[in-house]
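A short write-up of the structure that comes next.
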Amino acid sequence: MDDVLASTENARAAAYSIDDLLRNNDAKNNTASGPLAGNLGTLAVRLQQFRQHSDQLGQWLQAGVSSTSPNIQSTVSELADECRKVTVIVFNEVDRLRDGTSQTVDPKILAEYDNVLAAFSRAFVFFTQILSL
């Protein structure tokens, strides 16, 4: 359960960082422009979608912890831990752009993050549907 909450918080922080980077981009060094800005914007939307699915799953887990199968709890916990790791990496990549340590992020990497977050979102929706039965 804590891993789900950590994933949610990390996704929120990463999405906020991307939004902040894009919003302040013109006033600063124009690091995130052109296709990179589009890719980052898409990733921010994916992070927000993931955060919503993670929130929903967390609510269902919290409401039914005592009646939730230990196997489901364990699987969700492992999945959420992997999600947390990915969202930390995304946040760190964006943070490097924000502080000027990095000038770009490979669009293929951003696309992979997007795909991974989409897969995690689908898994979280699946587990939320199971718990709602």
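The values are calculated or read from the model by the stated rules, or taken from the named source; none is laboratory data. On a predicted model such as this, the values are computed, not experimentally measured, just so you know. Here Cβ is always computed from backbone atoms with ideal geometry, including for glycine, and neighbour counts include all displayed protein chains.
Can we say Ile130 is in a helix (DSSP H, G or I), over 17 Å from the mean Cα position of the chain (by Cα) and surrounded by fewer than 19 Cβ atoms within 10 Å (Cβ to Cβ)?
The answer is yes for Ile130.
Limited to the range 76-116, what total is found for residues that are closer than 10 Å to Ser7 by Cβ and in contact (Cβ under 8 Å) with a residue 12 or more places away in the chain?
At the first step, the residues of the range 76-116 found to be closer than 10 Å to Ser7 by Cβ are 79-88.
Applying the additional criterion that residues be in contact (Cβ under 8 Å) with a residue 12 or more places away in the chain yields 79-84, 86-88.
Matching residues across the range 76-116 total 9.
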Checklist entry - Does Thr101 meet the test of being over 14 Å from the mean Cα position of the chain (by Cα) and assigned to a helix (DSSP H, G or I)? => result no
Next on the checklist: Looking only at the range 41-91, filter to residues that are within 11 Å of Ala15 (Cα to Cα) and hydroxyl-bearing (Ser, Thr, Tyr); which one of those is modelled with the lowest pLDDT?
Outcome noted: Thr87
Item to check | Any chance Leu97 is at pLDDT 90 or above and buried (at least 18 other Cβ atoms within 10 Å of the Cβ) | outcome: no
Item to check | Number of positions in the range 81-133 that are farther than 14 Å from Leu47 by Cα and hydrophobic (A, V, I, L, M, F, W, C) | outcome: 10
Item to check | All positions within the range 23-40 that are buried (at least 19 other Cβ atoms within 10 Å of the Cβ) and at pLDDT 80 or above | outcome: Asn39, Leu40
Next on the checklist: Against the definition (assigned to a helix (DSSP H, G or I), of a type in the set (D, E, K, R) and under 11 Å from the mean Cα position of the chain (by Cα)), how does Arg51 come out, yes or no?
Outcome noted: yes
